[in-house]
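Student: First the structure, then my questions, so here it is.
FYI, it's all coordinate maths here, none of it is from the lab. Keep in mind the model is a prediction, meaning the values are calculated, not measured. Cβ placement follows ideal geometry from the backbone for every residue including glycine, while neighbour counts extend to all protein chains displayed.
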Amino acid sequence: MIRILTDRSLKIYFTKYNRKYFGENLHLHSIRFVPNHHKLMHNIMGRTFCFDLMDSKGHPVKRNVEAKIIINARYKRDPRVVLPTLLHEMVHMEHPRVKDCKKSRTFELGMRRLALRGAFRKLW
């Protein structure tokens, strides 16, 4: 039986991973599946959009960001694709101000840290 993931299940996995691997330090604005034909998703597995959290006076809170994550709905039926993609996007959230994050050593170390902690076990 194929388990189809939903927006709700994405949020549940985000909460679980945030607690287990990120010390509940990531702040999520929203997370959802978006159709592959959407202009932001064409042939992309996932995307993260980060923005600063503001204090009561409207000033950015240092080092805190909130993020919006979107995952390509094409993969809803395959948790082995969606869940590693979610973890990947969460590493982007962890280092939101790193320029060209995919190529950075900081991003690579974040992904390696997750792998060493077993985050991808049973997903590959």
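Student: Between T6 and T106, with labels modelled 7 Å along Cα→Cβ, what's the label distance in nm to one decimal, could you check?
Tutor: Taking the simple label geometry, T6 and T106 are separated by 3.7 nm.
Student: Given the pairs K16/K68; K20/K122; K39/K68; K39/K122, which are separated by over 24 angstrom at their Cα positions?
Tutor: On the way: K16/K68 17 Å; K20/K122 16 Å; K39/K68 16 Å; K39/K122 32 Å.
Over 24 Å apart, Cα to Cα: K39/K122.
Student: Under a point spin-label approximation (7 Å from Cα along Cα-to-Cβ), what is the R77-H27 distance to one decimal in nm?
Tutor: Modelled inter-label distance: 3.9 nm.
Student: Which order do peptides 81-92, 111-122, 4-15 fall in by mean Cβ count within 10 Å, highest first?
Tutor: Averaged packing, sorted descending, gives the order 81-92, 4-15, 111-122.
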